[in-house]
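Engineer: Just dropping this structure here.
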Amino acid sequence: MIPNMKPLLYSFTLPMLKEWMEKNGEKAFRAGQVFDWLYGKRVNSLDEMSNLSKGLREKLAASFSLDVLKEITRQESADGTIKFLFSLHDGHAIETVIMRHDYGNSVCVTTQVGCRIGCTFCASTLGGLKRDLEAGEIVIQVLAAQKALDAEQQRASHVVVMGIGEPFENYDSLLAFLRIINEEKGLNIGQRHITVSTSGIVPSIYRFADEKFQINLAISLHAPNTEIRTRLMPVNRRYPMDELMDACRYYINTTGRRLTFEYGLFGSVNDRPEHAEELAALLKGMMCHVNLIPVNYVPERNYVRTSRNDIFNFKRILDAKGINVTIRREHGSDIAAACGQLRAQHAKQTQG
Ligand code: SF4
């Protein structure tokens, strides 16, 4: 919770809200009604919750905030991608993206204002970490996206926790967020339709495995060996690759779920045929899937793009070694769609 502020009503899971109702002399089922107003009917104020007594609405107003996000900008791409820059109550800016797929609409959410992980290819980490988001501040990103989709009579069917921030560094808020969006009386987004992506915070991978969710986990691997990974992702010094791979195997064995490895291709750094061979050897026998990402050029960084030919060659080598691999389709390449770009542009403009 943000100091000196009432918690967001959106930060409460259904069991938490039921408990609050009972403690405050109300029937537990009122919590379900509140969820329906917030996430089903998607109202913006307590006054609209007409089946709650005035007394209960006053109690809720005294205990909770219903702050929503303020839209700073919205960019729409020719492929339907919508990228929002939102302002939080304290003026910090965050990004949320709607992406279109043949299987539905996915919403990519931010979990922290900035990030302290320091991946060398990422614009979002340049200003460091400002603060964690409260669970409700992550929930209202999905809600805002759903409200935008309501205008098209469409549904946010999938959620990817891949926006700004390292979700496992904000673990408790992440968990509450996942429970809230998964709640049947809420947005009802199925666990198998949710993907959480981490830079490889090893202790949290074990902890997340033990939650026994059916949620998809993606690991930002980006390297076939520990030397290259340290160069791209300094977090590899804290959690070296062999420890990360052990945690990944534990995750697969505990949940029975296939892991995704994200592999961004950076020209001459990790995209050579020998890197593909090494990656195939590293992942041999694991129940996993590799997602190759043609990296968008980040103006603040000097990595060059891998040629189309080299991308397909890299994939061919993995295919031939029996590794399940796809190339990620680019979304919104005509707008500032790479993670952190819109926020970085906004920061530059507001700093004059
Ligand atoms: S890629 Fe993700 S984890 Fe790495 S610095 Fe950027 S926001 Fe943080």
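Engineer: How about region 108-142: which of its residues are more than 10 Å from the ligand (Cβ to nearest atom) and within 22 Å of Leu187 (Cα to Cα)?
Structural biologist: Cys108, Val109, Leu133, Glu134, Ala135, Gly136, Glu137, Ile138, Val139, Ile140, Gln141, Val142
Engineer: Assess whether Glu134 counts as being within 20 Å of Pro203 (Cα to Cα) and modelled with pLDDT of 95 or more.
Structural biologist: It is false that Glu134 is within 20 Å of Pro203 (Cα to Cα) and modelled with pLDDT of 95 or more.
Engineer: The conditions are (1) part of a strand (DSSP E or B); (2) crowded, with 17+ Cβ neighbours inside 10 Å, and Arg131 fails exactly one of them. Which is it?
Structural biologist: Exception for Arg131: condition (2).
Engineer: Consider Asp47 carefully, then state whether it is modelled with pLDDT under 95 and within 30 Å of Gly91 (Cα to Cα).
Structural biologist: So Asp47 fails the test.
Engineer: Looking at Val97, is it in contact (Cβ under 8 Å) with a residue 60 or more places away in the chain, away from the ligand (no atom under 14 Å from the Cβ) and either surrounded by 15 or more Cβ atoms within 10 Å (Cβ to Cβ) or assigned to a strand (DSSP E or B) (or both)?
Structural biologist: When the stated conditions are applied, Val97 does not pass them.
Engineer: Taking helices (runs of 4 or more DSSP H) that do not extend beyond region 170-275, which have at least 3 residues that are over 30 Å from Arg155 (Cβ atoms)?
Structural biologist: Helices (runs of 4 or more DSSP H) meeting the threshold: 202-210, 226-232, 235-238, 241-255.
Engineer: With respect to Thr110, is the statement that it is outside any strand (DSSP E or B), buried (at least 21 other Cβ atoms within 10 Å of the Cβ) and not assigned by TED's automatic domain parsing to the domain that holds Asp47 true?
Structural biologist: yes
Engineer: Can you tell me which residue within region 25-68, out of those that are part of a helix (DSSP H, G or I) and of a type in the set (S, T, N, Q), is farthest from Phe86 (Cα to Cα)?
Structural biologist: For region 25-68, the residue satisfying everything is Gln33.
Engineer: List the number of the failed condition for Phe84; all other conditions in (1) in a strand (DSSP E or B); (2) within 15 Å of the ligand (Cβ to nearest atom); (3) hydrophobic (A, V, I, L, M, F, W, C) hold.
Structural biologist: So the condition that Phe84 fails would be (2).
Engineer: Next question. Quick test for you: out of Leu8, Leu14, pick the one residue that is hydrophobic (A, V, I, L, M, F, W, C) and surrounded by fewer than 20 Cβ atoms within 10 Å (Cβ to Cβ).
Structural biologist: Just one listed residue meets the conditions, Leu14.
Engineer: Looking at (1) of a type in the set (Lys, Arg); (2) in contact with a Phe, Trp or Tyr (Cβ under 7 Å, 6 or more places away or on another chain); (3) crowded, with 21+ Cβ neighbours inside 10 Å, find the lone condition where Lys83 falls short.
Structural biologist: With respect to (1) of a type in the set (Lys, Arg); (2) in contact with a Phe, Trp or Tyr (Cβ under 7 Å, 6 or more places away or on another chain); (3) crowded, with 21+ Cβ neighbours inside 10 Å, Lys83 is out only on (2).
Engineer: Residues to consider are Ile181, Ile164; find the one that is away from the ligand (no atom under 16 Å from the Cβ), in contact (Cβ under 8 Å) with a residue 24 or more places away in the chain and within 14 Å of the chain's Cα centre (by Cα).
Structural biologist: Ile181
Engineer: Inspect all residues belonging to region 264-273 and state whether any of them is more than 16 Å from the ligand (Cβ to nearest atom), modelled with pLDDT under 95 and within 25 Å of Thr125 (Cα to Cα).
Structural biologist: yes
Engineer: So for region 73-80 (the condition being surrounded by fewer than 21 Cβ atoms within 10 Å (Cβ to Cβ) and within 18 Å of the chain's Cα centre (by Cα)), does at least one residue qualify?
Structural biologist: Scanning region 73-80 turns up no residue that is surrounded by fewer than 21 Cβ atoms within 10 Å (Cβ to Cβ) and within 18 Å of the chain's Cα centre (by Cα).
Engineer: Test Gly190 against the criterion of being modelled with pLDDT of 95 or more, closer than 26 Å to Leu9 by Cβ, small (Gly, Ala, Ser) and within 16 Å of the ligand (Cβ to nearest atom), and give yes or no.
Structural biologist: Answer is no for this residue.
Engineer: So, Leu69, is that one over 30 Å from Glu330 (Cα atoms) and crowded, with 17+ Cβ neighbours inside 10 Å or not?
Structural biologist: No.
The values are calculated or read from the model by the stated rules, or taken from the named source; none is laboratory data. Keep in mind that this is a model prediction, so the values were computed, not measured. Glycine also receives a Cβ, built like all others from the backbone with ideal geometry; neighbour counts cover every protein chain displayed.
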